[in-house]
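Chemist: The structure that follows is given in the form of structure tokens.
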Amino acid sequence: MRTTLFATLLFAVVFMTGSCQSQTQNTNAGAAAAAEKKPAPVEKIMKNVDPREFEYQIQNTPDAVVLDVRTEGEFNAGHIDGAINIDVENENFNDKIKSLDANKTYLVYCQAGVRSLKACSMMQLAGFPKIINLSDGYASWEEYHNK
């Protein structure tokens, strides 16, 4: 009786161990296959910076595009040199950013920093990996340059 009980327990342990190893191997093989098919993820960077850092990025980022997301009227009243204007509040904002090169670095600003954060979020969702936001907007830029 003891021998039969011992043999049954031994069989159960061996069977369960083999079954678990088989599942682990299948799971690992599936994960490895999935990893081979997926391209490496692109690191998405969105930084909030002050005017000094924003200016440094404009001067030292070769592929930088300065994007003013204020209204056309605000843009015409004054803007950072070289900036392009796409109003984030315009219903066509998403369509307009699709025409931009998503591989470039975008330096984004509005008047106070709120609309530019909205624009940055929308751009990230659209696949733009490199975005730098002027934290307190054009108002802080002007204050920094009028010291």
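The values are calculated or read from the model by the stated rules, or taken from the named source; none is laboratory data. This is a predicted model, so every value here is computed, not measured. Glycine gets a Cβ as well: all are built from the backbone with ideal geometry, and neighbour counts include every protein chain shown.
Chemist: Out of all the residues in the range 54-89, which are under 16 Å from Gly113 (Cβ atoms), under 20 Å from the mean Cα position of the chain (by Cα) and part of a loop (DSSP other than H, G, I, E, B)?
Modeler: Val69, Val88
Chemist: Let me ask you something else. So how many residues does the range 125-147 have that are among the basic types (Lys, Arg) and in contact (Cβ under 8 Å) with a residue 12 or more places away in the chain?
Modeler: Restricting attention to the range 125-147, the residues satisfying the condition of being among the basic types (Lys, Arg) are 130, 147.
Now narrow it down to the ones that are in contact (Cβ under 8 Å) with a residue 12 or more places away in the chain: 130.
Of the residues in the range 125-147, 1 are among the basic types (Lys, Arg) and in contact (Cβ under 8 Å) with a residue 12 or more places away in the chain.
Chemist: Do you know which of the residues in the range 90-124 that are assigned to a helix (DSSP H, G or I), of a type in the set (D, E, K, R) and touching a residue at least 12 places away in the same chain (Cβ under 8 Å) is nearest to Pro51 (Cα to Cα)? Reasoning before the result, please.
Modeler: If we filter the range 90-124 for residues that are assigned to a helix (DSSP H, G or I), which is where we start, we get 93-97, 114-124.
If we keep only those that are of a type in the set (D, E, K, R) as well, we get 95-96, 115, 118.
Keeping just the survivors that are touching a residue at least 12 places away in the same chain (Cβ under 8 Å) gives 115, 118.
Working: Arg115: 16, Lys118: 19 Å.
Residue satisfying both the conditions and the ranking: Arg115.
Chemist: Also: Given (1) exposed (fewer than 12 other Cβ atoms within 10 Å of the Cβ); (2) at pLDDT below 95, identify the lone condition not met by Asp81.
Modeler: Exception for Asp81: condition (2).
Chemist: Identify the residue in the range 90-104 that is out of contact with any strand residue (DSSP E or B) (no Cβ under 8 Å at 6 or more places or on another chain) and of a type in the set (A, V, I, L, M) and, among all such residues, is farthest from Lys118 (Cα to Cα).
Modeler: Ala102
Chemist: Kindly indicate which of Arg115, Arg52 is out of contact with any Phe, Trp or Tyr (no Cβ under 7 Å at 6 or more places or on another chain), modelled with pLDDT of 95 or more and of a type in the set (Lys, Arg). Talk me through it step by step, then tell me what you get.
Modeler: Values: Arg52 fails: out of contact with any Phe, Trp or Tyr (no Cβ under 7 Å at 6 or more places or on another chain).
Answer to the selection: Arg115.
Chemist: Suppose we filter Ala40, Ala33 for residues that are at pLDDT below 95 and not in a loop (DSSP other than H, G, I, E, B); which single one remains? Give the derivation first.
Modeler: Working: Ala40 fails: not in a loop (DSSP other than H, G, I, E, B).
Criteria check complete, one pass: Ala33.
Chemist: Also, quick follow-up: Looking for whichever is farther than 23 Å from Lys147 by Cβ, at pLDDT below 95 and surrounded by 10 or more Cβ atoms within 10 Å (Cβ to Cβ) here; the options are Ile45, Ile97. Which one fits?
Modeler: Exactly one residue qualifies, and that residue is Ile45.
Chemist: How many residues are in a loop (DSSP other than H, G, I, E, B) and on the phi > 0 side of the Ramachandran plot if we restrict to the range 125-147? Give the derivation first.
Modeler: Step one: of the range 125-147, the residues in a loop (DSSP other than H, G, I, E, B) are 126-129, 135-136, 146-147.
Now drop any that are not on the phi > 0 side of the Ramachandran plot, which leaves 127.
Selection size over the range 125-147: 1.
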